[in-house]
Each structure stands twice: as C-alpha cells, then as structure tokens.
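Scroll down for the structure; my scribbles are underneath it.
The values are calculated or read from the model by the stated rules, or taken from the named source; none is laboratory data. What you see is a predicted model, and the numbers here were worked out from it, not measured in a lab. We place every Cβ from the backbone using ideal geometry, glycine too, and count neighbours over all the protein chains shown.
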Amino acid sequence: MTRPPQAVKIHAADNVAVAVGALAAGSGVVVEGECVVLREDIPAGHKISLRTLEPGEPVVKYGFPIGEVTAPIAPGAWVHTHNLKTRLEGLVEYRYEPFDRTRKSERETRNGRSDFRVPSSAFFRGYRRRTGRVGTRNEVWILNTVGCVNHAAERIAREGAERFAGRGGGGPIDGVYGFSHPYGCGQLGDDLRNTQRALAGLMRHPNAGGVLVLGLGCENNQMDGLLRLAGDVDRARLRFFNSQEVTDEVDAGLEAVAQLAAAMERDARVECPASDLVLGHKCGGSDGLSGITANPLVGRIADRLTALGGGVILTEVPEIFGAEQLLMRRAVDEAVFRDIVALVNDFKEYFLRHGQPIYENPSPGNVAGGLTTLEEKSLGAVQKGGRTAVTRVLRYGEPAAPGGLSLLEAPGNDGVSSTALVASGATLLLFTTGRGTPLGFPVPTLKISSNTAIAEKKPHWIDLNAGALLDGTATMDQLENDLFALVLDVASGRELANNEKHGYREIAIWKEGVTL
C-alpha cells in the first residue's frame with residue numbers, strides 16, 4: 001500500500017499542485033520529489049504555487065492555462081480568487097485542427113492508458129421496447145402538460161404506486177412516478193418549445209413502459225404539439241386526458257394507470273449488449289479534486305462503453321468554456337466540429353443577450369472546494385467525456401442516436417441539465433460530485449464522489465467513492481472495473497441507485513423565454 005500523497009501535480013507543465021487534504025502553514029509538502037514549504041494554510045482541493053508567479057503570468061493546471069496571476073505569488077502560497085482571474089472573453093474564432101488519432105496522446109501515456117483494452121463484449125438485462133430502444137427500468141411515468149394539475153398528478157402517482165407497483169410480490173412494474181413542473185400555461189415561442197421538447201423526450205423514454213399525460217385543457221401546451229415532437233411513441237402504452245373534461249381527475253388517472261399496468265404485465269428483462277446502453281455524464285457540486293479522481297474515472301467509462309458501441313451524452317455547455325477546443329479537436333469530422341462551434345457560440349450569445357458575462361462560474365460551492373476560474377472548472381469537467389471522438393451535437397430535447405459520444409445543448413444547472421440528458425434518451429446517469437448533492441432524476445442516478453470525506457459523511461447519497469484513488473486504497477483501473485460492473489448491475493435491476501432507494505426523483509425544465 002503506497003502512502004497517500006499530500007498534494008498532486010497533475011501535468012508536467014503545471015506550476016501549481018492540488019492539496020489532497022487540508023495542509024497547515026509551515027509544513028513541507030513533497031511534490032514530485034521536491035519539498036515545498038507552505039506559506040499559509042491550504043484547504044483540501046485548493047492550489048499551491050510551485051514557483052514564483054508574477055502578475056500577468058498564466059497559472060497552469062492540467063497542462064493548460066486556467067487564468068492569469070493578479071498579484072505576486074511566492075512558492076508554497078495559496079493560489080485562489082485573491083490572486084488569480086479568468087482570461088475568458090466573448091466569442092472566439094475557431095479553426096478546424098483535428099487530433100491525429102494515429103498518434104498516442106501525451107495524456108494517454110501519462111494516465112497509463114496507452115495499452116487501453118476493452119472486453120470484446122458486455123451485457124446487461126434490460127427492457128427492449130417496440131421502438132428498438134432498451135430501458136433499464138419498467139415504470140409508469142405520469143407527466144403533466146401544465147403546472148395547474150401538479151397536485152392531481154402527484155396523487156395519482158402516489159396511489160398508483162400503492163396499487164400497482166411490484167404486484168404479486170415483485171411483478172414487472174418497477175414503480176409509478178409523477179414528474180411535476182410549473183410550466184405549460186401562458187408560455188410562448190422557444191420557452192414553450194423547451195417545455196414541449198423536455199416532456200416529449202420523457203414520453204418516448206424506454207424506461208417508461210407506460211406513460212400517462214395529464215392535461216388541464218386550456219393551456220398553451222396542448223397534447224397534439226407534444227405528440228408531434230415526441231415522434232415514435234408507442235400509442236398502446238400512452239394515455240391522455242384533460243382534467244376539465246372528466247368528473248374526477250384522480251379516479252380517471254388511476255383507471256388509466258390500471259390500463260397501463262395491465263399492458264406492462266408481460267414485459268420482461270432480456271439479455272442486451274452494452275451497445276444498447278445510453279449513459280448521461282454530469283457533474284455537480286464539484287471541488288478541486290473532481291478533475292483528478294471522479295471525472296477522469298467517468299471518462300474511462302465513456303471510453304469503455306463507446307468502444308463497445310454504446311452511447312454517452314455530455315452536456316453543461318457553459319462548463320466547457322475554456323476547454324471547448326479540446327472537444328473540437330476530437331470531432332469525428334469537420335461537420336461535427338462546426339456543430340460544436342455553433343453550440344458554444346450560441347450559448348455565449350445567450351449569456352451576452354441577457355447582459356451576463358460568459359465566465360460567471362464557478363458557483364460559491366465550487367469556489368469553496370478549490371475551483372477558481374471557469375477555465376479550471378471546464379478542464380476538469382470535460383474529462384467526463386473521456387478521450388473518445390465526439391460523434392454528434394444534439395440540441396435541447398433532441399433524441400440521441402445509438403452509440404458514440406454526443407454533446408447536448410443544456411445549461412450547467414444540475415436539475416435542468418440532468419433532465420435534458422434523460423429527455424435525450426439517457427437510461428442511467430453518472431453524476432460526479434465533490435461537495436455532495438441528494439438530487440436524483442427519472443432514471444437511476446449514480447453519484448460518484450471525488451473525495452472520501454463526502455462519501456463517508458453522505459453514504460445515502462454516494463454510490464461509489466473515487467476518492468479511494470488518492471487514499472491509496474484503490475487504483476484507477478480497479479475503480480473503473482468497479483464502476484462499470486455497478487453500471488451493468490444497476491442497469492439490470494440487480495442493484496438500485498441511492499436516489500431510487502431514498503426517493504430522490506424530479507425534473508427541471510429549461511426556461512429561457514416569455515411567459516404571458
């Protein structure tokens with residue numbers, strides 16, 4: 001067992017190291033064989049200067065600049081918001097410079113992955129739908145077109161679960177769940193379309209063996225528009241009514257759930273190749289260790305699954321600002337490169353249109369955890385996509401195609417972006433966190449912690465602890481195998497994610513327009 005490091009230098013070109021735990025002023029820290037004496041206390045996850053840095057110089061982490069020095073920094077000093085600022089600006093002109101995939105990258109060699117192999121096959125037991133898509137759960141989902149019927153939808157879900165879920169001591173129905181929201185009435189233009197796109201994606205989701213859509217009747221968000229956007233929906237597994245048109249909406253809803261439950265009685269799990277999986281990769285409540293442990297671990301799963309033909313979706317577009325060119329170089333062709341450029345610039349224009357700076361990130365929790373600039377946060381966040389080629393760009397609510405790594409249009413907000421991943425077809429989420437969060441979404445949401453402290457403090461939130469890498473209790477290879485095995489077990493229903501065990505399930509829809 002190797003002794004856990006006190007601080008980690010990630011790349012040979014870096015001029016800072018990251019404290020693994022809280023370090024005291026005056027102590028000596030050995031980084032790559034050299035001792036650095038700390039000039040002040042350094043919190044866990046925060047940066048330590050390895051040499052003298054002058055104002056205007058770049059601070060380098062992950063081998064890339066993460067910002068500009070604003071005050072003289074001595075070796076062993078704390079590097080954070082008081083002496084480091086972002087270099088990000090507005091729109092950027094990008095050139096197509098594809099990565100040479102015939103040459104092993106420095107990153108591959110550094111991470112010991114130059115001999116990377118994946119198994120020739122991997123399987124899970126899922127629900128194959130009439131559309132060909134495969135679900136990891138067989139649930140009834142109750143969606144409402146408008147916030148006015150939230151209470152009724154919640155009652156139907158609660159009473160429906162008591163009557164129909166797991167009938168006969170473990171039947172084929174995994175649960176009955178309602179996903180309420182406040183929108184649908186008085187929305188116009190893109191704002192209404194965003195609500196419809198999100199709900200349409202949930203309507204066609206393979207984890208829903210049956211869907212009840214509950215309307216009011218007078219809202220802008222009408223059922224015919226939802227059906228047009230949803231496309232290939234199994235109408236035999238869909239029920240809809242307007243509450244204004246029935247005597248008792250709860251009774252009508254429970255009758256609809258009974259019909260759906262009957263239609264789902266013969267649904268059974270079958271063996272499916274890993275290529276039928278679609279994972280959504282997300283980070284929330286990140287800290288300075290997320291880009292060292294949890295995010296690279298999830299990136300390995302992206303590489304492993306896409307190599308098997310499966311699909312991975314990466315989103316949080318504002319959290320790739322400063323690292324976008326790494327993804328652009330991995331575009332599978334020039335058309336995808338141009339789609340990534342449009343995605344990034346459209347989002348920057350969205351910020352500018354609302355009079356906001358594009359670098360208004362990291363969040364207060366991120367800053368407390370050691371992240372200083374958006375470039376630093378982004379360089380850690382994009383590692384969740386591994387090193388596989390980017391095969392397509394999806395706009396908000398657009399369904400993912402089978403296989404490959406997709407970039408999805410959605411903001412960084414945890415609820416909105418995770419819901420967007422599900423609406424685009426992710427059947428299981430891998431959610432990394434350093435600060436911790438209880439959030440869960442319509443599909444199993446596996447939480448991977450960047451550090452052991454939060455895993456020990458919140459075992460009912462965290463499903464796997466990537467902090468074991470820095471504790472010296474597990475290698476990255478072991479963690480990769482453990483996480484991939486957990487993904488297959490959860491996808492097969494042999495295990496439940498903590499969000500499922502403790503009832504954390506919700507949605508959040510992206511609102512960006514006018515409400516009457």
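Can you tell me which residues in the stretch 356-377 are more than 18 Å from the chain's Cα centre (by Cα), outside any helix (DSSP H, G or I) and either assigned by TED's automatic domain parsing to the domain that holds THR81 or of a type outside the set (D, E, K, R) (or both)?
Residues satisfying the conditions are GLN356, PRO357, ILE358, TYR359, GLY369, GLY370, LEU371, THR372, THR373.
Name every residue in the stretch 288-309 that is part of a loop (DSSP other than H, G, I, E, B) and surrounded by fewer than 24 Cβ atoms within 10 Å (Cβ to Cβ), in order of residue number.
Within the stretch 288-309, LEU308, GLY309 meet the criteria.
Quick test for you: out of VAL36, VAL30, pick the one residue that is part of a strand (DSSP E or B), without any contact (Cβ under 8 Å) to a residue 40 or more places away in the chain and more than 24 Å from ALA323 (Cβ to Cβ).
Exactly one residue qualifies, and that residue is VAL30.
Among VAL246, VAL211, which is the only one that is free of Cβ contacts under 8 Å to residues at least 60 places away in the same chain and either in the same structural domain as PRO444 (by TED's automatic domain parsing) or β-branched (Val, Ile, Thr) (or both)?
From the options VAL246, VAL211, the qualifying one is VAL246.
Quick one: is THR427 in contact with a strand residue (DSSP E or B) (Cβ under 9 Å, 6 or more places away or on another chain), among the polar types (S, T, N, Q), in the same structural domain as ASP471 (by TED's automatic domain parsing) and under 30 Å from PRO5 (Cα atoms)?
Spelling it out, it is not the case that THR427 is in contact with a strand residue (DSSP E or B) (Cβ under 9 Å, 6 or more places away or on another chain), among the polar types (S, T, N, Q), in the same structural domain as ASP471 (by TED's automatic domain parsing) and under 30 Å from PRO5 (Cα atoms).
Filter the stretch 47-69 down to residues that are of a type in the set (Val, Ile, Thr) and assigned to a strand (DSSP E or B) and give me whichever is surrounded by the most Cβ atoms within 10 Å (Cβ to Cβ).
Taking the candidates together, the pick is ILE66.
Hey, does the stretch 458-469 have a residue that's of a type in the set (S, T, N, Q), on the phi < 0 side of the Ramachandran plot and buried (at least 18 other Cβ atoms within 10 Å of the Cβ)?
yes
Taking the options GLY412, GLY380, GLY436, name whichever one is in a loop (DSSP other than H, G, I, E, B) and in contact with a Gly (Cβ under 7 Å, 6 or more places away or on another chain).
Exactly one residue qualifies, and that residue is GLY436.
Check GLY503, GLY472, GLY513, GLY493 and return the single one that is of a type in the set (Gly, Ala, Ser) and touching an Asp or Glu at 6+ places or on another chain (Cβ under 6 Å).
Result of the check over GLY503, GLY472, GLY513, GLY493: GLY513.
If you check every pair at least six apart or on different chains, which have Cβ atoms under 7 Å apart with a residue in the stretch 344-355 that is of a type in the set (D, E, K, R) first and a residue that is buried (at least 16 other Cβ atoms within 10 Å of the Cβ) second?
Listed pairs, sorted by first residue: LYS348/ILE358.
Just to be sure before I move on: is ASP251 in a helix (DSSP H, G or I) and either modelled with pLDDT of 90 or more or of a type in the set (Lys, Arg) (or both) in the structure I sent?
Answer is yes for this residue.
So which residues in the stretch 392-409 are on the phi < 0 side of the Ramachandran plot and crowded, with 20+ Cβ neighbours inside 10 Å?
Across the stretch 392-409, the qualifying residues are ARG392, VAL393, LEU394, TYR396, ALA400, LEU405, SER406, LEU407, LEU408, GLU409.
Residues of the stretch 479-516 being of a type in the set (D, E, K, R), in contact with a Leu (Cβ under 8 Å, 6 or more places away or on another chain) and within 28 Å of TYR396 (Cβ to Cβ), which ones?
GLU506
Residues that are acidic (Asp, Glu) and within 23 Å of the chain's Cα centre (by Cα): does the stretch 146-157 have at least one?
Within the stretch 146-157, none of the residues are acidic (Asp, Glu) and within 23 Å of the chain's Cα centre (by Cα).
If we scan the stretch 490-498, do we find a residue that is in contact (Cβ under 8 Å) with a residue 24 or more places away in the chain and among the acidic types (Asp, Glu)?
no
Tell me yes or no: at least one residue of the stretch 105-123 is touching a Cys at 6+ places or on another chain (Cβ under 9 Å) and either of a type outside the set (S, T, N, Q) or at pLDDT 95 or above (or both).
Looking through the stretch 105-123, at least one residue is touching a Cys at 6+ places or on another chain (Cβ under 9 Å) and either of a type outside the set (S, T, N, Q) or at pLDDT 95 or above (or both).
State yes or no: is GLN325 surrounded by fewer than 24 Cβ atoms within 10 Å (Cβ to Cβ), in the same structural domain as VAL176 (by TED's automatic domain parsing) and part of a helix (DSSP H, G or I)?
No: the conditions fail for GLN325.
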